[in-house]
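K.L.:
This is the structure I have questions about; it appears just below.
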Amino acid sequence: MAAVWQDVVRDAAAVREAAAVAVDAALLAGVLMRTGEQPHTSDVVSYAPFTLLPSAVPRALFEQAYAVQQDFNLLVDAVSQNKEFLEQTLASTIKVDDFTARLFRIYMQVLEEGLAQTVFLGINRSDYMFDCGGTAALRQIEINTIAASFGGLTSRTADVHRLVLNVLGKTEEASHLLPNNPAKGLALGIAKAWELYGSQRAVVMFLVEDVQRNIFDQRCVENELWNRNIHVVRKRFRDVFEQGSLDASRRLFVDGQEVAVVYYREGYVPQVYDQQNWEARLLLERSRAVKCPDIATQLAGTKKVQQELSRPGTLEKLLPGHPEAIARIRATFAGLYSLDEGEEGDRIAATAIADPDRFVLKPQREGGGNNLYGEELREVLEKIKDSPERTSYILMDKIKPQPALNYLLRAHSPLQVSKCISELGIFGVYVRQGQELVLNQAAGHLLRTKAIEHADGGVAAGVAVLDTPYLV
Ligand code: ADP
Ligand code: MG
């Protein structure tokens with residue numbers, strides 16, 4: 001599957017010309033990011049990094065990833081409603097991981113008070129790599145249940161790659177690139193939740209970071225909502241702390257406006273939470289507003305939950321009566337291992353110390369750059385193997401995709417060929433009202449590609465770049 005553009009990759013003059021066209025096409029199409037130097041304004045912007053060429057993706061695995069997305073939506077939704085499962089699964093983790101513990105405390109507090117929220121909106125992205133031991137296999141890396149990004153910008157990358165292929169004389173291939181519009185799909189889910197909340201006056205609130213380099217990605221979704229005459233506001237946790245309140249029936253007001261939907265594009269790393277922001281988070285969770293995600297769904301996306309889902313029998317308990325969905329879900333799992341105290345954890349820790357290149361060591365963190373590999377994995381595991389701290393991590397089999405040559409286009413970087421691997425994400429959207437699932441869809445895809453020398457990290461972390469799948 002690796003070598004689809006061999007002739008092009010070797011033609012330096014054609015590559016140079018195509019790269020210049022590609023960069024301007026990306027700017028014209030709105031594949032944009034604010035710059036590191038001026039992250040607070042849109043006065044000066046640049047293109048979001050992307051590949052010169054679309055990357056080959058096996059058609060069967062691409063279709064498999066789409067076919068399992070509604071099942072994953074069902075599963076995440078089921079986990080988020082299963083207090084007993086979340087409690088049991090996270091019991092060991094919250095003893096040692098303060099961030100998960102604080103989220104969990106809010107979760108319990110909200111349940112004790114009784115949920116005011118009756119409409120639930122999930123937007124997730126399930127990420128995969130193509131393992132190439134023998135025949136290529138689809139292997140889930142993780143599922144992101146909060147702030148899954150790049151659905152906006154990637155709605156515009158296929159047009160850029162289509163043009164590049166045309167410039168390179170690959171007209172036939174260009175015509176095969178698939179349309180892709182996650183921004184529309186995500187907006188559809190948000191609009192549905194807004195409608196079911198049932199107040200024309202109420203707004204959709206994007207909860208955003210202090211530094212908003214990736215604002216254009218969010219604007220793609222935002223503008224889809226404005227086009228449906230849904231009013232959008234952008235607020236930070238600090239704004240919610242200062243301007244937020246609940247009325248007697250726990251309707252949420254921020255700066256005088258009633259909020260129907262809170263769409264989190266922030267809130268998944270511990271660093272953003274000082275005492276005031278924790279208070280703001282609690283206020284949001286207690287409210288009647290539709291949180292995307294609610295705190296239970298955020299917890300459903302932890303690495304610890306992912307690892308427990310792979311235990312024999314767990315999916316059957318969570319999704320009774322759905323044997324086909326369970327089979328499709330399980331077929332995407334890589335080996336996942338608990339490091340909880342006890343014999344099972346001791347055994348796998350010893351195995352990983354002896355053969356670290358087979359595994360990835362993952363803490364309960366999101367956003368890239370937190371996982372450990374190779375020698376570093378060995379060192380850390382040696383140090384913590386007899387301490388409770390071990391429990392804050394999980395182990396996973398390392399997926400080894402087939403590399404392919406491509407050019408990663410990045411502002412201020414030289415044009416050079418890189419050996420690359422790709423990660424495919426499928427966006428899922430669902431809406432539940434009480435016990436009734438009123439919407440359950442796959443909403444589009446995201447392909448991210450990085451040079452093989454980087455073990456970890458996404459687009460926002462400056463490692464991976466946007467790509468378009470070329471099905472083979
Ligand atoms: P995060 O929540 O930080 O995004 P991920 O589990 O997605 O955590 O890991 C971050 C990156 O590390 C992934 O995008 C992928 O490039 C790499 N990675 C994660 N798990 C594996 C694995 N099992 N095998 C190979 N690479 C992995
Ligand atoms: Mg990830």
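K.L.:
Please grab the % of Cα pairs in the range 55-127 that end up more than 18 Å from each other. Provide the component values of the computation, followed by the final result.
P.N.:
Numbers: 1495 of 2628 pairs.
Counting pairs separated by more than 18 Å, the tail of P(r) holds 57 percent.
K.L.:
Name the trypsin sites (Lys or Arg not before Pro) in the range 384-467 that are in a loop by DSSP and that have at most 12 other C-beta atoms within 10 Å, would you? Don't skip to the end; give the middle numbers.
P.N.:
Numbers: sites: Lys385, Arg390, Lys398, Arg410, Lys419, Arg432, Arg448, Lys450; in loops: Lys385, Lys398, Arg410.
Of the trypsin sites (Lys or Arg not before Pro), not one in the loops of the range 384-467 has a Cβ with at most 12 other Cβ atoms within 10 Å.
K.L.:
Can you tell me what the convex hull of the Cα atoms of the range 76-178 projects to on average, as an area in nm²? Spell out each step's value before the answer.
P.N.:
Working: hull surface 44.9 nm².
Hull-based average projected area comes out at 11.2 nm².
K.L.:
Take the alpha carbon atoms of the range 312-336, find their center, do the same for the range 148-169, and report the distance between the two centers in whole angstrom.
P.N.:
Centre-to-centre distance over Cα atoms comes out at 34 Å.
K.L.:
Sequence-distant or interchain residues sharing an amide H contact under 5 Å with Leu439, placed H: which?
P.N.:
Close amide H contacts, sequence-distant or interchain: Val431.
K.L.:
Oh, and also: Loop only by DSSP, 16 or fewer other Cβ within 10 Å of the Cβ. Give me the chymotrypsin sites (Phe, Trp or Tyr not before Pro) in the range 367-429 that pass, ordered by residue number. Walk me through the numbers before you get to the answer.
P.N.:
Working: sites: Tyr373, Tyr393, Tyr407, Phe427; in loops: Tyr373.
For chymotrypsin sites (Phe, Trp or Tyr not before Pro) across the range 367-429 that sit outside H, G, I, E and B with at most 16 neighbouring Cβ atoms in 10 Å, the list reads Tyr373.
K.L.:
Could I ask something else about it? Calculate the FRET efficiency for Asp386 and Ala461 from the Cβ-Cβ distance with a Förster distance of 41 Å, rounded to the nearest 0.05. Please list the in-between numbers first.
P.N.:
Numbers: r = 32 Å, r/R0 = 0.78.
Once rounded, the FRET efficiency stands at 0.80.
K.L.:
Sticking with this structure for a sec: Karplus couplings for the range 410-424 from phi (6.51 cos²θ - 1.76 cosθ + 1.60, θ = phi - 60°), rounded to Hz, Gly and Pro as x?
P.N.:
Using θ = phi - 60°, the values come out as 9, 4, 6, 10, x, 7, 8, 6, 10, 7, 10, 10, 10, 10, 9 Hz.
K.L.:
Would you mind telling me the antiparallel percentage of the DSSP bridges in the range 192-318, rounded to 5? All intermediate terms of the calculation are to be shown ahead of the outcome.
P.N.:
Values: 5 of 17 bridges.
Looking only at bridges with both residues in the range 192-318, the antiparallel portion is about 30 percent.
K.L.:
Mind checking the full-extension length gain between Asp98 and Glu379? Use 0.36 nm per residue of separation minus the Cα-Cα distance, one decimal, nm.
P.N.:
Details: separation 281, 0.36 × 281 = 101.16 nm, distance 2.27 nm.
This chain segment gains 98.9 nm when fully extended.
K.L.:
Please state, as a whole number in µm²/s, the translational diffusion coefficient that the Stokes-Einstein equation yields for the range 335-398 at 10 °C and 1.306 mPa s, with Rh defined as the Kirkwood radius across alpha carbon pairs. Each step should come with its number before you reach the end.
P.N.:
Numbers: Rh = 11.4 Å.
Rounded, D is 140 µm²/s.
K.L.:
From the Cα trace of the range 180-280, what convex hull volume per residue do you get, rounded to a whole Å³? All intermediate terms of the calculation are to be shown ahead of the outcome.
P.N.:
On the way: hull volume 10.7 nm³, N = 101.
Enclosed volume per residue, from the Cα hull, is 106 Å³.
K.L.:
Still on this structure, please answer the following. Apply the Karplus parameterisation 6.51 cos²θ - 1.76 cosθ + 1.60, with θ equal to phi minus 60°, to every residue of the range 304-309 and state each ³J(HN,Hα) to the nearest whole Hz, in sequence, with x for glycine and proline.
P.N.:
Working through the residues one at a time gives 5, 4, 3, 5, 5, 4 Hz.
K.L.:
Let me ask something additional. What's the FRET efficiency of Thr351 with Val269 using the Cβ-Cβ distance as r and R₀ = 30 Å, to the nearest 0.05? Walk me through the numbers before you get to the answer.
P.N.:
On the way: r = 30 Å, r/R0 = 1.01.
Efficiency at R0 = 30 Å is approximately 0.50.
K.L.:
If you don't mind, another one. May I ask for the net charge around His445, where only other residues with Cβ less than 12 Å from the Cβ of His445 are counted and Lys, Arg are +1 while Asp, Glu are -1? Each step should come with its number before you reach the end.
P.N.:
Working: positive: Arg125, Arg448; negative: Glu63, Asp127, Glu423, Asp467.
Taking every other residue near His445 into account, the sum is -2.
K.L.:
Rounded to the nearest Å, what's the spacing between the alpha carbon centres of the range 230-291 and the range 435-466? Just the number, please.
P.N.:
Result: 26 Å between the Cα centres.
K.L.:
Using amide H atoms built 1.01 Å from N in the peptide plane, name the residues 5+ places from Gly335, or on other chains, whose amide H lies under 5 Å from its own.
P.N.:
Residues meeting the criterion, in which the H sits 1.01 Å from N, are Asp397.
K.L.:
Please list, short to long, the whole-number percent of alpha-carbon pairs of the chain in consecutive 10 angstrom bins beginning at zero.
P.N.:
Binned Cα distances yield the sequence 4, 20, 30, 27, 15, 4, 0.
K.L.:
Full-extension gain between Arg410 and His40, please, as 0.36 nm times their residue separation minus the C-alpha to C-alpha distance.
P.N.:
131.2 nm
K.L.:
Please list the non-local residues whose amide H lies under 5 Å from the amide H of Leu471, H modeled 1.01 Å from N, same-chain partners needing a gap of 5 or more.
P.N.:
Hits under the 5 Å cutoff: Val57.
K.L.:
Here is a further query. Lysines near Lys362 by alpha-carbon distance under 29 Å, same-chain residues fewer than 8 away left out - which ones?
P.N.:
Qualifying lysines at Cα under 29 Å: Lys83, Lys95, Lys291, Lys303, Lys304, Lys317, Lys383, Lys385, Lys398, Lys400, Lys419, Lys450.
K.L.:
Also, I was wondering about something else. Within a Cβ distance under 12 Å of Gln416, other residues only, what is the Lys/Arg minus Asp/Glu net charge? Mind dumping the intermediate values first?
P.N.:
Values: positive: Arg16, Arg410, Lys419; negative: none.
So the surrounding residues net to +3.
K.L.:
Which whole-number percent is the relative contact order of the chain (Cα, under 8 Å, 6+ apart)?
P.N.:
Working: 923 pairs, mean separation 121.8, N = 472.
About 26 percent, as a whole number.
K.L.:
Okay, next question. Calculate one ³J(HN,Hα) per residue across the range 278-288 by plugging θ = phi - 60° into the Karplus curve 6.51 cos²θ - 1.76 cosθ + 1.60, and present them in order as whole Hz with x for glycine and proline.
P.N.:
3J(HN,Hα) across the range 278-288, in whole Hz: 4, 5, 4, 4, 4, 4, 4, 5, 6, 6, 6.
K.L.:
How many angstrom lie between the C-alpha centres of the range 345-400 and the range 4-55?
P.N.:
36 Å
Coordinate-derived values only; no laboratory data. This structure is a prediction, so every number in the text was calculated from the model and none was measured. Counting neighbours? That spans all protein chains shown, and the Cβs are built from the backbone with ideal geometry, glycine included.
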